[in-house]
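Encoded as structure tokens, the structure appears first; notes follow it.
The values are calculated or read from the model by the stated rules, or taken from the named source; none is laboratory data. Keep in mind it's a predicted model, so treat the numbers as computed, not measured. Cβ atoms come from the backbone with ideal geometry, glycine included; neighbour counts cover every protein chain shown. Ligands, DNA and RNA are excluded from the accessible area calculation, which covers all protein heavy atoms including side chains. Shrake-Rupley method; radii C 1.70, N 1.55, O 1.52, S 1.80 Å.
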Amino acid sequence: MNVLVTGAAGFIGYHVCSRLLERGDDVVGIDNLNTYYEVSLKEARLQQLEPYDNFRFIRMDIADRGAMENLFEVERFDRVVNLAAQAGVRYSLQNPHAYIDSNIQGFINILEGCRHHHVDHLVYASSSSVYGANETMPFSVHDNVDHPLSLYAASKKANELMAHTYSHLYQLPTTGLRFFTVYGPWGRPDMALFIFTRAILEGRPLKVFNYGRHRRDFTYIDDITEGVIRTLDHVASPDPGWSGLTPDPGTSRAPWRVYNIGNSKPVNLMDYIGALESCLGKTAEKEFLPMQPGDVPDTYADVEQLKEDVGYCPSTSVEEGVRSFVDWYRSYYGSA
Ligand code: NAD
């Protein structure tokens, strides 16, 4: 297949590209290599993909309408995986426009390209953050997600709504995946595991928000990648029985899906830190702080629908996953 992967230099994008390339798909990866976090890490990920003959990288911005129209005009994509976005909840408080540019303007350019060029299936990143302060555990795609707590979450919910419209109007098969705190090798420097690892190795105290009380459904990157590829291969088809986020269950005949993709085994933040401390053989000093604005208290994915439809089966324990991350971190940064 010819696959377009946006955000190819990003954490999840890099892993998804690797898997597609290994199995022989032709992949065009695009990314604007923005400076949200260290560009050298994005470039290093791309270097890992360079040896594949079936990979081409184009540096471009999905929010650039003309460039995106041109890309879809000159290339032929069977499937598209949209992972390019401005990520991060805290950053959205200071930089709201970045989320509108990449996550809304960029996403409409993706939808338009897929529509006009008859892409078989668009899979795109949504987020567990759409659940806000949902207290019904585990989080189900049938829960109400009308109360996002950050602009980031609002932009992801908007993507699901925009995708529904395009599925409905143009029969474009779309699948949104609500990722739950993804971690692992080549991970993001703005996320907790990375920040904690760096702080412990540099002998600095950890800033532990919400006094360490929240639980997160930490999900290992290989499980996520497997789920993304399985989902990409399973093209959504019109289904009158699907209710999902449709206000009136049973009325949506669009080839539109939204799934949770998590580990479905939430872990207390202090236990996550404990797993890291035991890997590093060091105990960290901790500074306990209140919850940050926009953050959500707990996350816990119900993944039964994804298991049933595509055979998704997360299998990596937090202990194994944290160890793999630490091994990668040490080899990449050369830390003791
Ligand atoms: P990431 O920041 O590592 O990857 C995103 C990539 O997209 C980056 O390389 C960035 O340079 C690129 N990008 C951003 N805006 C762009 C634009 N306008 N045009 C082209 N490229 C652009 O993040 P990630 O963790 O790999 O996340 C991938 C997707 O999954 C994102 O949509 C994110 O919101 C979503 N998500 C991730 C998590 C997680 O835990 N990692 C959780 C929920 C949702």
Problem set entry | Criterion (of a type outside the set (S, T, Y) and closer than 27 Å to P148 by Cα) met by exactly one of D101, D53, D78, D26 | D101
Problem set entry | Residue satisfying condition, being within 20 Å of the chain's Cα centre (by Cα) and without any contact (Cβ under 8 Å) to a residue 60 or more places away in the chain, within set A133, A154, A125 | A154
Exercise. What single numbered condition from (1) out of contact with any Pro (no Cβ under 7 Å at 6 or more places or on another chain); (2) more than 11 Å from the ligand (Cβ to nearest atom) fails to hold for A133?
Worked result: (1)
Problem set entry | Only one of S140, S102 that is small (G, A, S), under 20 Å from the mean Cα position of the chain (by Cα) and within 12 Å of the ligand (Cβ to nearest atom) | S102
Problem set entry | Top-ranked residue in the range 1-23 [being closer than 30 Å to R90 by Cα and part of a loop (DSSP other than H, G, I, E, B); ranked as farthest from the ligand (Cβ to nearest atom)] | A8
For this session: Give the range 24-38 a look and list any residue that's open to solvent by less than 40 Å² (accessible area, probe 1.4 Å) and either within 12 Å of the ligand (Cβ to nearest atom) or not in a strand (DSSP E or B) (or both), or say none.
Result: D25, G29, I30, D31, L33, Y37
Exercise. So how many residues does the range 66-112 have that are part of a loop (DSSP other than H, G, I, E, B) and without any contact (Cβ under 8 Å) to a residue 60 or more places away in the chain?
Worked result: 1
For this session: Scan the range 146-168 and give yes if some residue there is out of contact with any helix residue (DSSP H, G or I) (no Cβ under 6 Å at 6 or more places or on another chain), open to solvent by 60 Å² or more (accessible area, probe 1.4 Å), away from the ligand (no atom under 16 Å from the Cβ) and part of a loop (DSSP other than H, G, I, E, B), otherwise no.
Result: yes
Problem set entry | Candidates R79, R65, filtered to the one that is among the basic types (K, R), within 12 Å of the ligand (Cβ to nearest atom) and open to solvent by 20 Å² or more (accessible area, probe 1.4 Å) | R65
Seminar exercise, completed: For the range 169-181, the count of residues that are of a type in the set (S, T, N, Q) and in a loop (DSSP other than H, G, I, E, B) equals 2
Problem set entry | Lone qualifier among M191, M162 - being free of Cβ contacts under 8 Å to residues at least 12 places away in the same chain and on the phi < 0 side of the Ramachandran plot | M191
